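The next block holds one structure in the form of structure tokens; read it before the comments.
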Amino acid sequence: MKSRLTMLLALTTVVVLSSAGCATKKYVRNRVSERVTPLEQRTGELEETSRRSSQDLGRLSTDITDVKGRADRAQSQADTALNRANEANTRVNGAEQSVTDLRTNLDNYTVQNTASVRFKFDSYQLTAEARESLDQLASQIKNQPNFILEIEGFADWIGKDAYNNELTQKRAEAVRRYLAEQHDIPLFRMHLLGFGEMRPVADNKTREGRAENRRVEIRLLTRNLGGAPATQTKSGQR
């Protein structure tokens, strides 16, 4: 009897200790799980944050490259604009110098000869008489190294101002074209302008007066290299 009681107590003790051990292990597992689970979640969050950061860095790198490209293009455009500005400034300086030289040289030019050619009503075609007068004028400047021609077109008072201005410009252009084509006079030596019905030389109320006003006047100016005034002559029709 005593022996059985002893064995029972021993068995009970083993069962109790076993139950206590199981309870302790479960408790430990629960405690470990409570600590591990937040760490796993935090690790996942950190991994996601790291992934997003890598993506953001990739986009940032692309943006930086794009911005750098735009900056390089802008700098290139700025350099081109600066070069053009410098070239324009050089041209302006050259033009200003040319104007200064021209103003200086104009004081040394004097009128050597004048000619006037007439035109038919509402026409800018050169007549035979007009061509003959221009031939005479051209013969006087064949060997002239320093000269310019002022060519001015005029009309009578019949017609609108705009039309007469255009007509007189065409008349002056016809004279310049003839001198260039038939006598090889350089274009840069001829300067022309149409004045319409301005500066009449006769009475526009008469047929004869209107005929005289339909004209182109040419002035031959030569550079006075020796300082003495040039002799002025006249040719052509008035």
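The values are calculated or read from the model by the stated rules, or taken from the named source; none is laboratory data. Just so it is clear, the structure is predicted and the values come from calculations on it, not from any experiment. Don't worry about glycine lacking a Cβ; one is built from the backbone with ideal geometry, like all the others, and counts go over all protein chains shown.
Key figures for this structure:
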read-out	value
Restricting the stretch 145-163 to residues that are surrounded by 14 or more Cβ atoms within 10 Å (Cβ to Cβ) and touching a residue at least 60 places away in the same chain (Cβ under 8 Å), the residue that is nearest to ARG176 (Cα to Cα)	ILE151
Top-ranked residue of the stretch 174-189 - restricted to ones that are at pLDDT below 95 and aliphatic (A, V, I, L, M), ranked as farthest from the chain's Cα centre (by Cα)	ILE185
Residue, farthest from GLY194 (Cα to Cα), within the stretch 144-173, restricted to residues that are in a helix (DSSP H, G or I) and of a type in the set (Asp, Glu)	ASP161
Single unsatisfied condition, LEU39 versus (1) modelled with pLDDT of 80 or more; (2) loosely packed, with under 10 Cβ neighbours inside 10 Å	(1)
Qualifying position, being under 41 Å from the mean Cα position of the chain (by Cα), more than 30 Å from ARG223 (Cβ to Cβ), at pLDDT below 60 and part of a helix (DSSP H, G or I), among ALA88, ALA20, ALA95, ALA74	ALA88
Conditions (1) surrounded by 14 or more Cβ atoms within 10 Å (Cβ to Cβ); (2) at pLDDT below 95; (3) of a type outside the set (S, T, N, Q); (4) part of a helix (DSSP H, G or I): number failed by ILE141	(4)
Options GLU217, GLU166, GLU197; residue that is assigned by TED's automatic domain parsing to the domain that holds ARG118, in contact (Cβ under 8 Å) with a residue 60 or more places away in the chain and at negative phi	GLU217
Sole residue being of a type in the set (Lys, Arg), out of contact with any His (no Cβ under 9 Å at 6 or more places or on another chain) and modelled with pLDDT under 95, chosen from ARG223, ARG171	ARG223
